[in-house]
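Data first, discussion second: the structure below is written as structure tokens.
Values quoted throughout were computed directly from the atomic coordinates according to the rules given, and no laboratory measurement underlies them. All of these numbers come straight from a predicted model, not from anything done at the bench. Every residue, glycine among them, receives a Cβ derived from its backbone with ideal geometry; neighbour counts consider all protein chains shown.
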Amino acid sequence: MTNTLKLLIIYYSQTGNTEKMARAVEEGAKSVVGIDVEVKYFARPEELAEVDAIILGMPTYYHDIGMDMKNLLEEASKQEINLKGKVGATFGSYGWSGEAPNMLLEILKNRFQMDVVEPALRIKYNPDKKGLEDCRNLGRTVAERILKSSLT
Ligand SMILES: Cc1cc2nc3c(=O)[nH]c(=O)nc-3n(C[C@H](O)[C@H](O)[C@H](O)COP(=O)(O)O)c2cc1C
């Protein structure tokens with residue numbers, strides 16, 4: 001018997017742009033058969049350990065990552081939650097500098113030694129049709145990567 005492959009999307013959004021991206025990432029991930037996809041606004045550190053892939057969505061406000069996400073990752077780090085080798089990706093809407101998705105990807109890659117999809121997907125303000133397609137592609141890419149590694 002094989003366990004179901006799990007993909008968790010955690011995102012934050014204040015004015016809805018990153019939320020639109022999150023829904024499209026979800027749609028792309030769900031287009032891959034055999035993956036259990038969950039989307040959340042908040043998560044506990046232990047939940048990160050229970051999934052095969054983690055995608056984080058974060059808009060940039062004041063050149064930084066939101067507090068809840070920062071706390072989640074700091075807690076996971078303190079509790080020594082092992083995410084090594086899990087697939088990771090990040091995305092987010094921004095206005096001019098767009099640091100947050102890059103900062104998150106760097107944390108997933110270097111602090112948690114996750115197998116990350118690079119580069120982070122960043123979209124200026126409201127995602128257009130092409131932007132939403134990029135989001136669906138990101139979700140699909142991550143889902144296909146965990147499916148593939150489960151078969152080898
Ligand atoms: C108070 C405030 C601060 C912001 N700071 C930044 C910033 O430092 N860098 C940046 O690229 N965009 C910045 N933005 C723009 C937001 O990232 C942008 O509006 C984004 O689409 C918001 O995403 P959301 O709808 O998911 O909340 C800021 C916007 C506001 C209102």
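Annotations
- Residues that are touching a strand residue (DSSP E or B) at 6+ places or on another chain (Cβ under 7 Å) and within 16 Å of the ligand (Cβ to nearest atom), drawn from the stretch 22-40: ALA22, VAL25, GLU26, VAL39, LYS40
- Qualifying residue in the stretch 113-129 (condition: among the basic types (Lys, Arg) and farther than 17 Å from GLY16 by Cα): no
- Residue in the stretch 124-143 that is surrounded by the fewest Cβ atoms within 10 Å (Cβ to Cβ), counting only those that are outside any helix (DSSP H, G or I) and of a type outside the set (S, T, N, Q): ASP128
- Restricting attention to the stretch 82-101, the residues that are of a type outside the set (Gly, Ala, Ser) and surrounded by fewer than 17 Cβ atoms within 10 Å (Cβ to Cβ) add up to 3.
- Of the residues making up the stretch 2-33, those that are in a loop (DSSP other than H, G, I, E, B) and on the phi < 0 side of the Ramachandran plot number 10.
- When residues in the stretch 103-129 are screened for being within 16 Å of the ligand (Cβ to nearest atom) and out of contact with any Ser or Thr (no Cβ under 8 Å at 6 or more places or on another chain), 3 of them pass.
- The number of residues in the stretch 7-21 being more than 9 Å from the ligand (Cβ to nearest atom) and out of contact with any Lys or Arg (no Cβ under 6 Å at 6 or more places or on another chain) comes to 3.
- Reported count of residues in the stretch 57-74, each being away from the ligand (no atom under 12 Å from the Cβ) and either free of Cβ contacts under 8 Å to residues at least 24 places away in the same chain or of a type in the set (A, V, I, L, M, F, W, C) (or both), is 7.
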